[in-house]
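K.L.:
Below you will find the structure I want to go over with you.
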Amino acid sequence: MNYIRENLSVVHERIKVACLKAGRNPQEVSLLLATKTVSSENIKIALQSGETLIGENKVQELKEKYNALKDTPHQAHFIGHLQTNKIKDVLKYADCIQSVDRTELVEKLDARLQREGRKADILIQVNTSFEESKFGIAPQEAVSFAKIVSQYDTLQVKGLMTIGLFSAEQEQVRKCFQLLKRLQQQIIGLNLPHFELNHLSMGMSHDLETAIEEGATMVRVGTAIFGTRIYPDSYYWNEQATNK
Ligand SMILES: *Cc1c(COP(=O)(O)O)cnc(C)c1O
C-alpha cells in the first residue's frame, strides 16, 4: 500500500481512539490535510482515497495547486499568515480563510468582498501560546476583535483556529486548547451577528489527541501523513521569513 494511504489510516485511527477516549463521536472531527510543500500528485492520492479538505499556507502554492487539483473534488482552506496584498487571490482560491487575525485584514477583506458582492467563510486565529513567532490575535484581545469582525457582514465567522505551543509537555499544550475553547464559549455568549462558532480548528501531527480531548472539530495534519518537510516551519510562521 502507498505510504500516504497507510499514514492516513493511522491518523484516522488516532482520531477515532482520541474521540472514544473523550466520549465524542469521531464524526464530529474533520481532518484537514496540511499540504504545504506537498506535491499535487501526492495530494491527489489522499483526495482519491476519500479525503476532502486541504490547507495551504502560501497564496502562491494555493493557486498552483488549485489549477492542478481542480478536477479532484475537495475544499481548500487558507491556514497561513495572510498578507493584505494577497487578498484578491486568496478569496479566489480558498473556500475558507482560517487565519484572520487583525483589523487591517478584516477591513481589506470586507472591501474586496463588497466589490465582488459576496461573502466569505473565515475563522479567527488566536495566538494561544503567546509565542512571538506565531500569528494570531492575542487571547486578551480576541473578544474585542470578534466584536469588530461582527461589524462586517461579508465575513461569515465559522470558528476559531490556533497553533498550540510546541512542547513535549502535553499539559502545557493542553492549556492552549482549553483557552481557545473558553474564548469560543465567551464569544458565543455575545450572540454576534453572522457568527456561527461551530469550529475549533486545533491539533496537528504531534498534539491532535490533546486537541480532540479539549474539543477540536478540525485537526490539521501534515507530517504524520506526508512525511517530514524540507523547510522548517519557521519559514512559514515567522514574520521575517514571510516577508521574503
Ligand atoms: C504545517 C501546519 C500544520 C500541520 O503541521 P504538522 O506538524 O505537519 O502536522 C497545521 N497547521 C498549520 C497552520 C500549519 O502551518
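K.L.:
Those residues that are under 16 Å from ARG220 (Cα atoms) and in a loop (DSSP other than H, G, I, E, B), I need them from segment 159-185; list them, please.
P.N.:
THR162, ILE163, GLY164, LEU165, PHE166
K.L.:
Looking at GLN156, GLN151, which one is outside any loop (DSSP other than H, G, I, E, B) and surrounded by fewer than 21 Cβ atoms within 10 Å (Cβ to Cβ)?
P.N.:
GLN156
K.L.:
Any residue in segment 132-143 that is hydrophobic (A, V, I, L, M, F, W, C), in contact with a strand residue (DSSP E or B) (Cβ under 7 Å, 6 or more places away or on another chain) and at pLDDT below 95?
P.N.:
Yes, there is a match, as at least one residue in segment 132-143 is hydrophobic (A, V, I, L, M, F, W, C), in contact with a strand residue (DSSP E or B) (Cβ under 7 Å, 6 or more places away or on another chain) and at pLDDT below 95.
K.L.:
Identify the residue in segment 186-242 that is among the hydrophobic types (A, V, I, L, M, F, W, C), modelled with pLDDT under 95 and in a helix (DSSP H, G or I) and, among all such residues, is farthest from the ligand (Cβ to nearest atom).
P.N.:
Applying the first criterion (among the hydrophobic types (A, V, I, L, M, F, W, C)) to segment 186-242 yields 187-188, 190, 192, 195, 197, 200, 202, 204, 208, 211-212, 216, 218-219, 221, 224-226, 230, 237, 241.
Narrowing further to those that are modelled with pLDDT under 95: 230, 237, 241.
From what is left, the residues that are in a helix (DSSP H, G or I) are 237, 241.
Values: TRP237: 7, ALA241: 12 Å.
It comes out as ALA241.
K.L.:
Tell me yes or no: at least one residue of segment 78-85 is out of contact with any strand residue (DSSP E or B) (no Cβ under 9 Å at 6 or more places or on another chain) and within 16 Å of the ligand (Cβ to nearest atom).
P.N.:
Restricting attention to segment 78-85, the residues satisfying the condition of being out of contact with any strand residue (DSSP E or B) (no Cβ under 9 Å at 6 or more places or on another chain) are 83-85.
Add one more test, that the residue is within 16 Å of the ligand (Cβ to nearest atom), and what stays is 83.
Looking through segment 78-85, at least one residue is out of contact with any strand residue (DSSP E or B) (no Cβ under 9 Å at 6 or more places or on another chain) and within 16 Å of the ligand (Cβ to nearest atom).
K.L.:
Turning to a different aspect of this structure: Might you let me know whether segment 149-159 holds any residue that is within 15 Å of the ligand (Cβ to nearest atom) and not hydroxyl-bearing (Ser, Thr, Tyr)?
P.N.:
Yes, because at least one residue in segment 149-159 is within 15 Å of the ligand (Cβ to nearest atom) and not hydroxyl-bearing (Ser, Thr, Tyr).
Table: residues versus (1) more than 21 Å from LEU32 (Cβ to Cβ); (2) of a type in the set (Val, Ile, Thr); (3) touching a residue at least 12 places away in the same chain (Cβ under 8 Å).
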| site | (1), (2), (3) |
| --- | --- |
| ARG115 | yes, no, no |
| ILE122 | no, yes, yes |
| GLY136 | no, no, yes |
| VAL149 | yes, yes, yes |
| ASP153 | yes, no, yes |
| ALA168 | yes, no, no |
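The values are calculated or read from the model by the stated rules, or taken from the named source; none is laboratory data. Nothing here was measured: the structure is a model prediction, and the numbers come from that model. Cβ: placed from backbone, ideal geometry, glycine included. Neighbour counts: every protein chain shown.
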